[in-house]
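Visitor: Take this structure, written in structure tokens, and hold onto it; I'll ask about it next.
Just so it is clear, none of the values below were taken in a lab; they were calculated from the coordinates. All values reported here derive from a predicted model rather than from experimental measurement. No Cβ is skipped: glycine too gets one built from the backbone with ideal geometry, and neighbour counts run over all protein chains shown.
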Amino acid sequence: MPSFTLPRAARITRITRITRTHKIAVAVLAAAGATSGLALTSAPDTAQAASAHAPAAVKPVDAKGQPAKADDAKTGRAVTASAVDHVKVADVAKQRSAQQAANRSTERAAVKDYPNNLDGWIRESLDIMKAKGIPGSYEGLHRNIMRESAGNPNAVNDWDVNAVNGVPSKGLLQVIQPTFDSYHVSGTPKKLTDPIANITAAANYAADKYGSIDNVNSAY
């Protein structure tokens, strides 16, 4: 196959064109690199400027003023609400306990515990008489009881006219059965010799006949 060689001038022209083309390409690449560099350089500045003008984040703190942990920050409100609820429950429990104590105190005051002796019988009778509107005093009851029975609730008079008639006087204030039945005070036992029933029936009878047991100074 025959070979040929380009003339020297043609080779120089071709090389020159290639060289110029390469230079243009290099220049374009360099310009593009500079533009990218400027963009990359300015990007951080823009980000920094935006960051500088952004509002500061409020970080939660714990009870000691130290930065709170993530879990603490999430549950802080729930824990606070739980504590408030606990205080409310405790207050309600205290109020309920105080109310129950007051109720028990009222019940104890309403139901007195009287001793089972002459003093207790008189005091209990006086409370019943007061509730029923029957007049009389401790002194008036005690004075008549000591004269009639010397304080013996089972005392029986078997010699006076009532005994002769078959209805002897009995009890602390020596009451006969018909009188007891007529003046019996409701709420007391229906037994003639019961101390409370005997005293209140006698006081009720004396109030009707004499104005008050306090006005009785002898057999009545």
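Visitor: Order the peptides 186-196, 168-178, 117-127 from the highest to the lowest mean number of other Cβ atoms within 10 Å of their residues. Walk me through the numbers before you get to the answer.
Guide: On the way: 186-196: 15.9, 168-178: 21.5, 117-127: 18.1.
Result, highest mean first: 168-178, 117-127, 186-196.
Visitor: Give me a comma-separated list of calculated 3J(HN,Hα) values for the range 207-220, in order, Karplus coefficients 6.51, -1.76, 1.60 applied at θ = phi - 60°, integers in Hz, x for any Gly or Pro.
Guide: 5, 6, 8, 10, x, 5, 4, 5, 8, 8, 10, 7, 3, 10
Visitor: Moving on. Rounded to the nearest 0.05, what FRET efficiency do N152 and R123 give with R0 = 22 Å and r taken as the Cβ-Cβ distance? Could you check? Numbers along the way, then the final one.
Guide: On the way: r = 18 Å, r/R0 = 0.83.
Computed FRET efficiency for N152 and R123: 0.75.
Visitor: Out of residues 5 or more away from V175 or on other chains, whose amide H comes under 5 Å of its own, with H placed 1.01 Å from N in the peptide plane?
Guide: Hits under the 5 Å cutoff: K170.
Visitor: With the crude spin-label approximation of a point 7 Å out along Cα→Cβ, what separation in nm comes out for S218 versus D85?
Guide: It works out to 8.3 nm between the two label points.
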